[in-house]
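Accompanying notes for the structure given below.
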Amino acid sequence: MARLLTALVVVFVSELGDKSLLVALGLGARYRLRAVIVGLALAYSLANLVSVAVGGLLGSTLPTRPLGFAAGLLFLGFACKGAYDLKVSAGEPVMVSGEAQIGPSSGVGFAKAVASVAVTVFLAELGDKTMLSTAALATDGSYVQVWIGSTLGIFLAGFVAVMIGRWLGSRFPERSVRTVSVILFAVVGVAMVIAAAS
């Protein structure tokens, strides 16, 4: 139990101010809450499972450079796609179940929204300091406790970011929220590529 709590606290603190929190914030403003929560839970569970497995098998050595570089390029691609969508769409908000849905995600089904959130957040976690922290914590053999604790810690941090994103999304014009989302994806992508190259 002590290892679970240690993992929860270490990962929660590691995640604060992290790039994947910025991604969660942007997704919270774009998709329905239920889809974002399920997507986050899936992405964080899988990312931490990979981290624990790597920590158990290889110690704390993780091929972060290639993973980070590839994920950074994908995020730059997301930013370009978002910028293109901003250019070609009128961007009128659509009400779905009483919640404003923004731009290209308007009317997106639950499963598609969950998949989009899960893939995006999982990619943001690749080679991340949180992933490294989890792998390092798992080197002592407390795999299940570390996995549960790290997943709870990162999910709590992500949930806070999503709620802030939803609050911002409901108070600012949707075109502004979409523009900020594109900028966040671009910043995260550039940061990941630079970190992988250095």
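The values are calculated or read from the model by the stated rules, or taken from the named source; none is laboratory data. Remember, it's a predicted structure, so these values are computed and weren't measured experimentally. Virtual Cβ from ideal backbone geometry, glycine too; neighbours counted across all protein chains shown.
For the range 119-174, a tally of residues being over 17 Å from residue 32 (Cβ atoms), polar (S, T, N, Q) and modelled with pLDDT under 80 returns 5.
Looking only at the range 111-165, residues that are out of contact with any Leu (no Cβ under 6 Å at 6 or more places or on another chain), not charged (D, E, K, R) and not in a helix (DSSP H, G or I) come to 2 in all. Of the residues making up the range 24-32, one or more are touching a strand residue (DSSP E or B) at 6+ places or on another chain (Cβ under 9 Å) and assigned to a helix (DSSP H, G or I). When residue 116 is tested against (1) farther than 20 Å from residue 155 by Cα; (2) at pLDDT 80 or above, exactly one condition is not met: (1).
Of all residue pairs spaced 6 or more apart or on separate chains, those with beta-carbon atoms under 9 Å, a first member in the range 31-60 that is over 14 Å from residue 20 (Cα atoms) and a second member that is part of a helix (DSSP H, G or I) and basic (Lys, Arg) are 33/166; 35/112. When we screen 111, 191, 115, 136 for residues that are surrounded by fewer than 22 Cβ atoms within 10 Å (Cβ to Cβ) and without any contact (Cβ under 8 Å) to a residue 24 or more places away in the chain, the only hit is 111.
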